[in-house]
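Here the structure comes first, spelled out in structure tokens, and everything after it is commentary.
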Amino acid sequence: MDQPSDTNATPDLRGMSRDALADFISRLGQKPFRARQIFAWLHRRGARSFDEMTDLSLELRQRLAATARLSAMDVDEVQISSDGTRKFRFRTVDDHFVEAVFMPETDRRTLCVSTQIGCPMGCAFCRTARLGLTRNLTAGEILAQIYEVNRAVAAIDESDKRALTNLVFMGMGEPFLNFDNLTNALALLQDDAGLNFSRRHITVSTSGIVPMIDRFGAETDNKLAISLNASTDAQRDALMPVNRRYPLADLVAACRRFPLRQGRRITFEYVLLDGLNDTLDDARRVIALLRGIEAKVNLIPYNESPDLPFRSVPMERAEAFRDHLLRAGLVAVIRKNRGRDILAACGQLAAQGIARDQATN
Ligand code: SF4
């Protein structure tokens, strides 16, 4: 399952655990409180450079700059949708584009975060799949997306220093193919000396890599979402190649044994595709598949893309599908489409421009 990652050998302080950072700073002959100061600069204030760490001596800042780095994600472009959604395009240090989507609502401000540059999973309905995989993002790069957006949003609303309330790892990439960097980033986000993000406000979504679902349940206490999108193996094989390796029976078995805290549910994302997975028979099969699982089903009317052959469903069909699930006692909602006009909606992230840039390399 190993995927290519950042090859820069200089240690990245942003991706280090608190203990690893303390160890690194002590090897520079510094007192432990220096490591605590640096950790707060990195994870509470989202510092972009050692120069910003103004309570460190100039000499220490210069030593840090000579021996370490801070992974950075420069905001390259921000597109604002008519519904308030903002798509942030970041440029990595090796000149690739990555996107994250900020979705403000009255009671929450959610960021959809990317974990890979591109994605190798090949889901037929997804624009990111077209890019293939370039590499994994480092833990520091995953965090940098969050810290940059947090800063940008806090700057808009100065009364709120902790602008983001919810994180969903559903952007570009399959998070479970970048498991170690993902879980390092989650631990740092939840550190009380950093942003102190609540575990229950972080959801990680997978296309269905069964062994990693087990590992995620054993090693973290965050919420799980499954990109389901089909009610039979034949449908899912055609839409999501991962199903040929981990068919529906194995996927739902992993969900049944997933350790769920009381009151929590596993979210199942189901993109409704016209004429493919949207009938009441599909709804009945979804009900049977999810029997016995504390489940919430998010129905997502497909976001059409001119270069992909799939069509969205009429709202009445989405509502009929939802009502069928509700009558069977499932929690089911039709998800509002956010940022459709700026290609920020589900399955639309493709960092336009990357192909052009890569072609010139
Ligand atoms: S839907 Fe998710 S897992 Fe599938 S190709 Fe797109 S980004 Fe990758």
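Since every read-out is calculated from the coordinates, none of them should be taken as a lab result. Note that the structure is a prediction, hence the values are computed from the model and not measured. Cβ atoms come from the backbone with ideal geometry, glycine included; neighbour counts cover every protein chain shown.
Fewest-first ordering of Val242, Val113 by other beta carbons within 10 Å of each residue's beta carbon gives Val242, Val113. Only one residue of Gly46, Pro32, Gly118 has its Cα farthest out toward the positive end of the dipole of the chain, where Lys and Arg carry +1 and Asp and Glu -1 on Cβ, and that residue is Pro32.
Ordering Thr220, Thr92 from the fewest to the most neighbouring beta carbons within 10 Å gives Thr220, Thr92.
When a/c is below 1.5 the answer is rounded, else prolate if a/b is larger than b/c, else oblate, so apply that to region 38-195 with a ≥ b ≥ c taken from the square roots of the Cα gyration tensor eigenvalues.
Values: a/c = 1.86, a/b = 1.30, b/c = 1.44.
Verdict is oblate for region 38-195.
The fewest-to-most ranking of Ile334, Ile287 by surrounding Cβ atoms within 10 Å reads Ile334, Ile287. The value of relative contact order for the chain, using C-alpha pairs under 8 Å at least six residues apart, is 16 percent. Quick one: Cα centre-to-centre distance for region 207-246 and region 259-323, in angstrom? Distance between centres, Cα-based: 14 Å.
Rounded to the nearest 20, the size of the Cβ-charge dipole of the chain about its Cα centre is 820 debye, with Lys and Arg at +1 and Asp and Glu at -1.
With contributions of -39500 (n - 2.57) from each DSSP H run of at least four residues, the per-residue ellipticity at 222 nm computed over the chain stands at -10000 deg cm²/dmol. For region 157-289, build the charge dipole from Cβ charges (+1 Lys, Arg; -1 Asp, Glu) around the Cα centre, then report which of Pro247, Gln190, Phe258 sits farthest towards its positive end. So the residue furthest toward the plus end is Phe258.
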